[in-house]
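**Student:** Below you will find the structure I want to go over with you.
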Amino acid sequence: MDEGLVSVDKFSGGSRVYFLTHLHQDHTRGLGAAGGWRHGPLYCSPVTARLLPTRFPGVDASLLRPIAPGDSVSLSLSSPASGRLISLHVTAIPALHCPGSLMYLFRGDLGCKLYTGDFRWELGCEEARSAKKALLDALAGDSVDVLYMDNTFCHPSLNFPPRPVVAEQIVNVIQAHPDHEVIIGVDTLGKEDLLLHISRALQTKIWVWPQRLLTVHLLGIDDNHEIFTTQTSLTRVRAVPRYSLTVGNLEALNTVCPTIGIMPSGIPWLLKSGEGKTRSSGESPAKSIRRRGPGWGVGTIEMDYDPSSPPKLFEKDSYTLPYSDHACFPELEDLVQTVRPSTVVGIVSSSFYNLNPRLHFSHLCGDEVCAGKTPAENSGHTRSLASRSRPSSSKTPRRRRIKISSSTLYRSKAIMQRKGACGARITEPEEPISVA
Ligand SMILES: [Zn+2]
């Protein structure tokens, strides 16, 4: 391994070249460095390059290297360790997580490595299907040595409906409250499609805060200013920063006028149920995760979502629906089956959803899957997505007890924890993720 060459979503310096998957806060640490960031060429999508100066005005714009989804770039980097030239061929793959989000496939002298960043490839989704095809085309028969994967929801109990299905349910919730103000918690980027769907379905404008409006316009959405507004008097539906959608704020708003909150996210879908409701390990699908951790006590968190039933209140005056921009477990499994890497590494290392993909997918990784096969059989290029069958060893993985802490998720503990660490210097030896 050769150190000091390539960093992905890690901007503390020390590399020859940098790659940014998308503009969420937990992937951009270091870009706001005092005095401006100027460590080296920075590759990102054209959309990200357009938005980046508004978020990080100190980044030297001459260092930005936009790379469109599906495009590739060849690099020759001088190794600081050996002085030799290292050749890299990098392909950008749509991640379908938020506007401008990319995966990166690295091939060449450092081996074959895929860094997904945050991604959501819904099964059966045409966009995801073509993104997967782009990935397989870019692999050109290579096998992935290391898959760095979005492990935010890497547990068999986490299975989210497609985003369009949940979007419709959110519309239904709003329609069921015709006399209420509605506030929807969103990040600084992402879920634009959801807001557009709500606007069109209900024929209403959506209030957003000024920075969010700027982002929307930089994305080229709503050029005619027909959908988004910063005037509260024009609509009862408001998209607010996720951190501001709290129980306390909802209570305060309800002293003025009836208001409901909606949190479109996979994270709050892990609901805390009462003590003594742990389900037996024989139940299917898996729905219970024992929770045990310092300061959190012992209990059970439980996913409590039935897509065929009307959404239930999560807390007083608030609904949570699993509109997730992160892949759920079957989608993660599908990706691992698609690329069949030698090893898989989670990119989220400090979240309390820190769920090690190796626990669940080692049977799909090269060491086991490829054993006894010929090199030709191991070739990814000739694989057909449609015809690939699940190996007999890919039954539901053995249930494990996972150290996971959770509480009132509307208070954003999960989100705050998740900001702990993302990114990798892909030339560094990966460290195992701790799972109790
Ligand atoms: Zn993200």
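The values are calculated or read from the model by the stated rules, or taken from the named source; none is laboratory data. Keep in mind the model is a prediction, meaning the values are calculated, not measured. Cβ: placed from backbone, ideal geometry, glycine included. Neighbour counts: every protein chain shown.
**Student:** Being outside any loop (DSSP other than H, G, I, E, B) and of a type in the set (K, R) is the filter; apply it to the stretch 185-220 and report the residue that is farthest from the ligand (Cβ to nearest atom). Spell out how you get there, then give the answer.
**Tutor:** Quick first cut of the stretch 185-220, residues outside any loop (DSSP other than H, G, I, E, B) only: 185-186, 192-202, 206-207, 210-218.
Of the ones still in play, those that are also of a type in the set (K, R) are 200, 212.
Numbers: R200: 25, R212: 16 Å.
Residue satisfying both the conditions and the ranking: R200.
**Student:** Now, a different point. Which is outside the structural domain of V186 (by TED's automatic domain parsing) and touching a His at 6+ places or on another chain (Cβ under 7 Å), of G32, G13? Don't jump to the end; show me each part of the working.
**Tutor:** On the way: G32 fails: touching a His at 6+ places or on another chain (Cβ under 7 Å).
When all the criteria are applied, what remains is G13.
**Student:** Please list, ordered by first then second residue, the pairs with beta carbon atoms under 6 Å, 6 or more apart or interchain, first in the stretch 336-352 and among the small types (G, A, S) and at pLDDT 90 or above, second crowded, with 23+ Cβ neighbours inside 10 Å and assigned to a loop (DSSP other than H, G, I, E, B).
**Tutor:** G346/N151
**Student:** Restricting to the stretch 129-166, name every residue that is under 23 Å from S362 (Cα atoms), over 17 Å from the mean Cα position of the chain (by Cα) and β-branched (V, I, T).
**Tutor:** Across the stretch 129-166, the qualifying residues are V144, V146.
Rundown of residues vs (1) among the small types (G, A, S); (2) crowded, with 17+ Cβ neighbours inside 10 Å, yes/no style:
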| site | (1), (2) |
| --- | --- |
| G111 | yes, no |
| D118 | no, yes |
| S130 | yes, no |
| K133 | no, no |
| L136 | no, yes |
| G141 | yes, no |
| V144 | no, yes |
| D150 | no, yes |
| P156 | no, yes |
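Conditions tested, residue by residue: (1) touching a residue at least 60 places away in the same chain (Cβ under 8 Å); (2) under 17 Å from W209 (Cβ atoms).
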| position | (1), (2) |
| --- | --- |
| I227 | no, yes |
| T230 | no, yes |
| T235 | no, yes |
| A239 | no, yes |
| T246 | yes, yes |
| L250 | yes, no |
| L253 | yes, yes |
| I260 | yes, no |
| S265 | yes, no |
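**Student:** Within the stretch 89-130, which residues are hydrophobic (A, V, I, L, M, F, W, C), closer than 14 Å to L332 by Cα and away from the ligand (no atom under 13 Å from the Cβ)?
**Tutor:** Of everything in the stretch 89-130, those that are hydrophobic (A, V, I, L, M, F, W, C), closer than 14 Å to L332 by Cα and away from the ligand (no atom under 13 Å from the Cβ) turn out to be L114, W121, L123, A128.
**Student:** When only residues in the stretch 122-159 that are assigned to a loop (DSSP other than H, G, I, E, B) and among the β-branched types (V, I, T) count, which is modelled with the lowest pLDDT?
**Tutor:** Filtering the stretch 122-159 down to residues assigned to a loop (DSSP other than H, G, I, E, B) leaves 122-125, 140-145, 150-159.
Of the ones still in play, those that are also among the β-branched types (V, I, T) are 144, 152.
Working: V144: 96, T152: 89.
Restricting to residues being assigned to a loop (DSSP other than H, G, I, E, B) and among the β-branched types (V, I, T), the top hit is T152.
**Student:** Return a yes/no flag: does the stretch 165-172 have any residue that is in contact (Cβ under 8 Å) with a residue 40 or more places away in the chain, more than 24 Å from T246 (Cβ to Cβ) and within 16 Å of the ligand (Cβ to nearest atom).
**Tutor:** no
**Student:** Is the stretch 17-25 home to any residue that is touching a residue at least 24 places away in the same chain (Cβ under 8 Å), surrounded by fewer than 24 Cβ atoms within 10 Å (Cβ to Cβ) and more than 16 Å from the ligand (Cβ to nearest atom)?
**Tutor:** Filtering the stretch 17-25 down to residues touching a residue at least 24 places away in the same chain (Cβ under 8 Å) leaves 17-25.
From the residues that got through so far, the ones that are surrounded by fewer than 24 Cβ atoms within 10 Å (Cβ to Cβ) too are 17, 24-25.
With the extra rule that they be more than 16 Å from the ligand (Cβ to nearest atom), the set shrinks to 17.
There is at least one residue in the stretch 17-25 that is touching a residue at least 24 places away in the same chain (Cβ under 8 Å), surrounded by fewer than 24 Cβ atoms within 10 Å (Cβ to Cβ) and more than 16 Å from the ligand (Cβ to nearest atom).
**Student:** Also, I was wondering about something else. What about V182, is it in contact with a helix residue (DSSP H, G or I) (Cβ under 6 Å, 6 or more places away or on another chain), in a helix (DSSP H, G or I) and among the hydrophobic types (A, V, I, L, M, F, W, C)? Steps first, please.
**Tutor:** Values: in contact with a helix residue (DSSP H, G or I) (Cβ under 6 Å, 6 or more places away or on another chain): yes; in a helix (DSSP H, G or I): no; among the hydrophobic types (A, V, I, L, M, F, W, C): yes.
It is false that V182 is in contact with a helix residue (DSSP H, G or I) (Cβ under 6 Å, 6 or more places away or on another chain), in a helix (DSSP H, G or I) and among the hydrophobic types (A, V, I, L, M, F, W, C).
**Student:** Out of (1) farther than 25 Å from R129 by Cα; (2) touching a Phe, Trp or Tyr at 6+ places or on another chain (Cβ under 9 Å), what's the single condition that is false for S101?
**Tutor:** So the condition that S101 fails would be (1).
**Student:** For residues that are more than 18 Å from P53 (Cβ to Cβ) and either buried (at least 16 other Cβ atoms within 10 Å of the Cβ) or among the β-branched types (V, I, T) (or both), tally how many sit in the stretch 210-231.
**Tutor:** Taking the stretch 210-231 as the starting set, the residues that turn out to be more than 18 Å from P53 (Cβ to Cβ) are 221-231.
Now narrow it down to the ones that are either buried (at least 16 other Cβ atoms within 10 Å of the Cβ) or among the β-branched types (V, I, T) (or both): 221-222, 227-230.
Going through the stretch 210-231 one residue at a time, the tally reaches 6.
**Student:** If you don't mind, there's one more thing I want to ask. Pull up the stretch 1-49, narrow it to residues that are among the β-branched types (V, I, T) and not in a loop (DSSP other than H, G, I, E, B), then point me to the one that is nearest to D150 (Cα to Cα).
**Tutor:** In the first step, residues of the stretch 1-49 are kept if they are among the β-branched types (V, I, T); the result is 6, 8, 17, 21, 28, 47-48.
Pick out the ones that are also not in a loop (DSSP other than H, G, I, E, B) and you get 6, 8, 17, 47-48.
Numbers: V6: 19, V8: 13, V17: 22, V47: 21, T48: 19 Å.
If we take residues in the stretch 1-49 being among the β-branched types (V, I, T) and not in a loop (DSSP other than H, G, I, E, B), then V8 is nearest to D150 (Cα to Cα).
**Student:** Here are some conditions: (1) over 22 Å from N172 (Cα atoms); (2) touching a residue at least 60 places away in the same chain (Cβ under 8 Å); (3) in contact with a helix residue (DSSP H, G or I) (Cβ under 7 Å, 6 or more places away or on another chain). I221 meets all but one. Which one does it not meet?
**Tutor:** (2)
**Student:** Report every pair of residues separated by at least 6 positions or lying on different chains whose Cβ atoms are under 9 Å apart, first residue within the stretch 178-192 and closer than 19 Å to R163 by Cβ, second of a type in the set (D, E, K, R) and in a loop (DSSP other than H, G, I, E, B).
**Tutor:** Hits for this filter: V182/R236; I184/K191; D187/D325; G190/D325; K191/D325.
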